[in-house]
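Scroll down for the structure; my scribbles are underneath it.
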Amino acid sequence: MGALLLLAALLAADVPKPAPQTPNGAWKAALREHPRLLGPKAFLRGLAEEKPQAYDEIKKSANSVLAAGIVHAVEGLPRDRTREWIDAAMKRVDGGVTNAHQDTWIRLTDAALAFDLFHDHLSDEERKRIVDWMNAHLGKFTEDEGAFHNSTLSKVLCFLRVAYATWGENPRAKEFREHAIVTLYEGKLAPVLNELGTGGGFTECGWYTRGSLWHLVQALELARRVEGYDGFQKAPRFFYQRLAYEMFQPYPGPWTYGAERYACEGDGSIVYGGHNEYPRHTRTVIAQYFRGSDLARAVAGRRRKGSNPEARLVDFLWEEEPDDALPLAKFPLSHLASGIGKVYARSDWGDDATWLRFECGDLWNHHQHLEVGNLEVFRREPLATESGEYHDYGSPHAVNWLLRTVAHNCVLVYDPKEAWTQLRDGGSAYANDGGQAKSWEWTVDTLEKWKAKRETFERGDIVAYDAQPSYLYVAGDCTRAYSPKKLSLWVRQVVFLRPSTIVVFDRVVATRAEYGKAWLLHCQEPPAVNGTTTVIANGKGKLVVETLLPEGARIGCVEGYTYRGQTFDPPKNPQSEAAPKWRIEVEPSKASEEDLFLHVLFTERPTPVKLVRKGDAVGVEVGGAQVLFDGRVGGTLTVGGRTVPLKAGVQAGSYER
């Protein structure tokens, strides 16, 4: 691991030194007693005294293994109150050894928690059976070990819990620890975090990362406290910059029960649930590790109470007094995670801010979607958003709609002869949506293998990024995401004129004029089209879209998960009512190899727009500003008589490099 340490040291040049309030190895003595996994008994009793209201809430319910374990450590529970969790663990044991994606680490975790938290209520025979069953998984539980996949992060936490729970009475406990830290974390995950984690991004899709990264952060913090192993220092730049990433990832403003709200960004749920709280826990623990730093203080300014009892229980265990909050008036308004090709931006740090995200990166796993170039906009409610319902990973709805380009705010180019094979369900025939291609055979499980096949996973690149207080300019070359048989160029350029105007310019070149093009924008409610103006309303939010190019474009409204005479409705599920099912399609009025699409999006009252042509440059006058695009990438922005260049190249900020 010498090379990993050297790389981590080089990447940590601009990262502050850790300053955690709880020192490394603070819980080391706990390995001689139980409980251990939530902290020593004295620690938990101290928390109960420091946070009496939180403890009272936990005590009144005690309806989860964690809650019961806390109460048992603080004041003891009768055997009949702990038997439920012990019996559940023994049922896992009776189920035998498994090698199942996700299910196996959940079963092992349940048993490890019961073994540790209720150790004194287990018989010697029960302890032996649990340990023997756990050990039988070594070498047989080989699922969930991909370097880019969410469950690998969760497996690290699971194996560490097994190791620490059984330490001292399990001769193979160290093997679980070594597999978690050396094989999975240092061997697979840390190289990815160092290579692709610039700006705090991870290669899994957004929704799955939010849960699994919390598992990894718990695992590393547990190892730091129990044995003094500091895994954060194996990828310090990633973890520090993740704090900046987490500042931008949620939509502005509070949501259900005061929780934060997120775009799915790939597979995931759009309804409220415990997953909405995971990023808050993640940034809390990382900020406490980097206590006193600028980003820790910025995170302190976003502190809020947990939105449900489970989240408040986690706060009870992990949340310490934060740093003094840093005023956000001068905090950046845009953030780039260049390793994964994602950009977030806000108009300001108020709850009524306009928010956008732009995605133009490569492929690492099958929870990602074919959505290179996707642009989403939020103000008060999702306005330009994703479509589809993640209810079944390999369903006809998933492979023909949810993960396909047609379900995103991208561009379609229709070649009637194009075919897709072996999507996530391994099938051989799918509907032709005119979208992005699948150029890889299957995903791989290590960074080295991915780099060896990088050409097949290349999808798109951020080719320009200039974040200024008054505007953001970002451009993405999305060409590689499509079959070269039908498309030779798609570059999307976005200029966000704060606070509420977004200019989107797309240059799309097909290999044949007859390959029809469509510019898509998805929304929650039926859009209203009047000439070249489209109005999208959703609750208190409204988006006005002005189409300037193509001139004479056809603007159509489509309802449902349907295209080219086929519909891919999923069975009714908890997401059905909330899922967006409307879109607009902007199509050129005549066939051409090259088409330019120019749109201006307003999240506030729109101002007049005027199409501008100057030589080869094309653009728009809007709200006292002139935006011109010239050539493949770049142009100029003129405001108040001052002209600044919009140039190719990435100008990364403090938390983006």
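Can you give the angle from 0 to 90° between the axis of helix 103-117 and the longest principal axis of the chain, with both taken from C-alpha atoms, to the nearest 10? On a 0 to 90 degree scale, this one is about 40. Radius of gyration (Cα atoms) of the stretch 546-657, expressed as a multiple of 2.2 N^0.38 Å: 1.45.
Using only alpha carbons, the stretch 217-363 has a radius of gyration to Kirkwood radius ratio (Rg to Rh) of 0.95. Remark: the stretch 163-277 is approximated by an ellipsoid whose semi-axes, taken from the C-alpha gyration tensor as √(5λ), come to 29, 17, 13 Å, largest first. Rounded to the nearest 10 degrees, the inclination of helix 236-248 to the longest alpha-carbon principal axis of the chain is 60 degrees. For the stretch 113-211, trypsin sites (Lys or Arg not before Pro) meeting the loop criterion (DSSP other than H, G, I, E, B) and having at most 12 other Cβ atoms within 10 Å: 140.
Modelled spin labels at residue 440 and residue 577, positioned 7 Å past Cα toward Cβ, are 3.7 nm from each other. Under 5 Å from the amide H of residue 375 lie the amide H atoms of 409, each residue being 5 or more positions distant or on a separate chain, with H modelled from the backbone and absent for Pro and chain starts. Across the stretch 438-453, rounded Karplus estimates of 3J(HN,Hα) from the backbone phi angles (6.51 cos²θ - 1.76 cosθ + 1.60, θ = phi - 60°) give 9, 9, 10, 6, 7, 6, 10, 10, 9, 4, 4, 5, 5, 5, 5, 10 Hz, Gly and Pro being marked x. Once the Cα atoms are used to define both axes, helix 41-50 deviates from the longest principal axis of the chain by about 60 degrees.
Across the chain, the fraction of Cα-Cα pairs farther apart than 32 Å, rounded to a whole number, is 51%.
Rounded to the nearest 500 deg cm²/dmol, what is the calculated helix-only ellipticity per residue at 222 nm for the chain, with -39500 (n - 2.57) per DSSP H run of length n ≥ 4? Roughly -8500 deg cm²/dmol at 222 nm, from the helical runs in the chain.
Express in % the proportion of alpha carbon pairs of the stretch 1-152 at distances exceeding 23 Å. Could the numbers behind the result be given before it?
Values: 6094 of 11476 pairs.
Here the tail beyond 23 Å accounts for 53 percent of pairs.
Just so you know, the Rg over Rh for the stretch 124-177 is 1.01, from Cα atoms, with Rh as the Kirkwood radius.
Model label sites at residue 643 and residue 29, defined 7 Å from Cα along the beta-carbon direction, differ in position by 7.2 nm.
If the chain between residue 611 and residue 308 were fully stretched, how many nm would it gain, using 0.36 nm times the residue separation less the Cα-Cα distance? The partial results should precede the final answer.
On the way: separation 303, 0.36 × 303 = 109.08 nm, distance 5.01 nm.
Result: 104.1 nm gained on full extension.
Among the chymotrypsin sites (Phe, Trp or Tyr not before Pro) found in the stretch 183-272, not one is both in a DSSP coil and sparsely packed, with 13 or fewer other Cβ atoms within 10 Å of its Cβ. Taking 1.306 mPa s as the viscosity and 10 °C as the temperature, the Stokes-Einstein diffusion coefficient of the stretch 408-458 based on its alpha-carbon Kirkwood radius rounds to 125 µm²/s.
Please report the net charge: other residues with Cβ closer than 15 Å to the Cβ of residue 287, K and R +1, D and E -1.
Values: positive: 17, 224, 242, 280, 283, 291, 297, 302, 303, 304; negative: 221, 246, 294, 315, 319, 320, 321, 323, 324.
Within the 15 Å Cβ shell, the charges total +1.
Say R0 is 41 Å: what FRET efficiency, to the nearest 0.05, do residue 569 and residue 468 get from their beta-carbon distance?
Once the sixth-power term is evaluated, E becomes 0.40.
Here the dipole of the stretch 519-657 is about 320 debye; that uses its Cα centre as origin and unit charges on the Cβ of Lys and Arg (positive) and Asp and Glu (negative). Relative to the current alpha-carbon distance between residue 650 and residue 124, full extension at 0.36 nm per residue lengthens the span by 183.2 nm. Go ahead and run the numbers for FRET between residue 14 and residue 554, Cβ-Cβ distance against an R0 of 51 Å, rounding to 0.05. That pair, residue 14 with residue 554, gives E of 0.55.
Give me the net charge for the shell around residue 421: Cβ to Cβ below 13 angstrom, other residues only, Lys and Arg +1, Asp and Glu -1.
Working: positive: 424, 438; negative: 418, 425, 441.
It works out to a net charge of -1.
Candidate cross-link partners of residue 28 among the aspartates and glutamates, defined by an alpha-carbon separation under 17 Å and a same-chain spacing of 8 or more, comprise 116, 169, 221, 227, 230.
The string of couplings for the stretch 405-420 from the Karplus curve (6.51, -1.76, 1.60, θ = phi - 60°) is 4, 4, 8, 9, 8, 10, 10, 9, 10, 9, 9, x, 8, 6, 9, 10 Hz, one whole number per residue in order, with x for Gly and Pro.
Quick check for me: using +1 on Lys/Arg Cβ and -1 on Asp/Glu Cβ, what's the dipole size of the chain about its Cα centre, in debye to the nearest 20? Could you put the intermediate results ahead of the total?
Numbers: 80 positive and 85 negative charges, 165 e Å.
Rounded to the nearest 20 debye, it is 800 debye.
Extension gain, residue 330 to residue 451, is 39.7 nm, computed as 0.36 nm per intervening residue step minus the present C-alpha separation. Only Lys, Arg, Asp and Glu carry charge here, each on its Cβ (+1 for the first two, -1 for the last two); on that basis the stretch 284-438 has a dipole of about 220 debye about its Cα centre. Here the Karplus curve 6.51 cos²θ - 1.76 cosθ + 1.60, taken at θ = phi - 60°, turns the phi angles of the stretch 570-576 into couplings of x, x, 4, 8, x, 8, 4 Hz, with x standing for Gly and Pro.
For the listed residue pairs 453/485; 17/41; 417/517; 517/581; 485/517; 174/449, the alpha carbons are over 23 angstrom apart in 17/41; 174/449.
Assuming R0 = 25 Å, can you tell me the calculated FRET efficiency for the pair residue 84 and residue 21, based on Cβ-Cβ distance, to the nearest 0.05?
Values: r = 35 Å, r/R0 = 1.39.
FRET efficiency, residue 84 to residue 21: 0.10.
Under 5 Å between amide H atoms, partner at least 5 residues away or on a different chain: which partners does residue 582 have, H built in plane at 1.01 Å? Here the answer is 523, 560, since their amide H atoms fall under 5 Å of that of residue 582.
With a cut-off of 9 Å between beta carbons, the residues surrounding residue 223 carry a summed charge of 0, where Lys and Arg count +1 and Asp and Glu -1. Ranking 444, 416, 460 by Cα position along the charge dipole of the stretch 391-483, where only Lys, Arg, Asp and Glu carry charges on their C-beta atoms, puts 444 farthest toward the positive end.
Taking amide H atoms as placed 1.01 Å from N in the peptide plane, the amide H of residue 488 lies under 5 Å from those of 509, 510, 511, each 5 or more residues away in sequence or on another chain.
Whole angstrom only: what separates the Cα centroid of the stretch 233-304 from the Cα centroid of the stretch 194-232? Computed from Cα coordinates, the inter-centre distance equals 12 Å.
Name the trypsin sites (Lys or Arg not before Pro) in the stretch 448-485 that are in a loop by DSSP and that have at most 16 other C-beta atoms within 10 Å, would you? Numbers along the way, then the final one.
Numbers: sites: 449, 451, 453, 454, 459, 480, 485; in loops: 453, 459, 485.
Sparse-neighbourhood loop trypsin sites (Lys or Arg not before Pro): 453, 485.
The fraction of Cα-Cα pairs per 5 angstrom bin, counted from 0 for the stretch 62-155, comes to 2, 14, 24, 20, 16, 13, 7, 3, 0 percent, rounded to whole percents.
Values quoted throughout were computed directly from the atomic coordinates according to the rules given, and no laboratory measurement underlies them. What you are looking at is a predicted structure, and each value in this text was computed from that prediction instead of being measured. Positions of Cβ are backbone-derived with ideal geometry, glycine not excepted, and every protein chain shown enters the neighbour counts.
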